[in-house]
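**Student:** I have a structure here, written as structure tokens, and I will follow up with some questions on it.
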Amino acid sequence: MSRIGLLPIIIPQDVEVKIDGSEVVVKGSKGELYRRFHPDMSITIEDGKLIVTRPSDNRLHRSLHGLTRSLLANMVDGVSKGFIKALEVHGVGYRAQKNDANLLLQVGFAHTVEFSPPPGVDITVEGTNRINVIGIDKELVGTAAAKIRAIRPPDSYKGKGIRYSGERLRLKPGKSGKLGRQ
């Protein structure tokens, strides 16, 4: 039994949900999201709550049940609160700055790397080493943050690079074979 799929999604006061068959439109104070779900999943609104039900217990329907509920919950959270993914830039001379809508990164290359965010995603820079990726679509925010991190992932020896805020790195020890030789 899907534990996640069975949980109802409470719809906040400022959020409006429209269901047309397998298509769902969620409107809120931050914006509007649209998504088409698998036609076998049944989505209904009862007493200000979204409820997802599945037609049978076969493997496909069980896996779609929790997925559909999670995607709907993310849509409702996104249009009411929004999502933020924070990144940190570590390294001597490494810095980030904003140029119009684009992000300029100096991360150890001979040139400055320019990243332009996809539509629906906004980027803010705090100081010179903290980047916030903000948006209402959780999938887009996570993808944009992953693309920024992929420009210069953290080095496994010194830890230099771009990492998620709160990400813990396991640094490798350096060369230790030199100590015994002379």
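**Student:** Restricting attention to the stretch 119-146, which residues are more than 20 Å from L71 (Cα to Cα) and either without any contact (Cβ under 8 Å) to a residue 40 or more places away in the chain or not charged (D, E, K, R) (or both)?
**Tutor:** Taking the stretch 119-146 first, the residues more than 20 Å from L71 (Cα to Cα) are 122-132.
D122, I123, T124, V125, E126, G127, T128, N129, I131, N132, listed by residue number.
**Student:** Might you let me know whether the stretch 92-115 holds any residue that is within 22 Å of the chain's Cα centre (by Cα), part of a helix (DSSP H, G or I) and either under 28 Å from L7 (Cβ atoms) or β-branched (V, I, T) (or both)?
**Tutor:** No.
**Student:** If the Cβ limit is 9 Å and pairs must be 6+ apart or interchain, which residue in the stretch 9-34 that is farther than 20 Å from G135 by Cβ pairs with which residue that is of a type in the set (D, E)?
**Tutor:** S22/D40
**Student:** Among (1) over 18 Å from H90 (Cα atoms); (2) within 13 Å of the chain's Cα centre (by Cα), which single condition is I148 missing?
**Tutor:** (1)
**Student:** Something else about it: Out of (1) closer than 20 Å to S22 by Cα; (2) in contact with a Gly (Cβ under 7 Å, 6 or more places away or on another chain); (3) not assigned by TED's automatic domain parsing to the domain that holds G21, what's the single condition that is false for P154?
**Tutor:** Result: P154 fails condition (1) only.
**Student:** Sticking with this one: Name the residues in the stretch 116-166 that are of a type in the set (D, E), outside any loop (DSSP other than H, G, I, E, B) and buried (at least 20 other Cβ atoms within 10 Å of the Cβ), would you? So that I can check it myself, show each step before the final result.
**Tutor:** Here is the first cut: in the stretch 116-166, the ones of a type in the set (D, E) are 122, 126, 137, 139, 155.
Next, from what is left, pick out any that are outside any loop (DSSP other than H, G, I, E, B): 122, 126, 139.
Correct list: empty.
The values are calculated or read from the model by the stated rules, or taken from the named source; none is laboratory data. Note that the structure is a prediction, hence the values are computed from the model and not measured. Cβ coordinates were reconstructed from backbone atoms using ideal geometry, including for glycine residues, and neighbour counts include every protein chain displayed.
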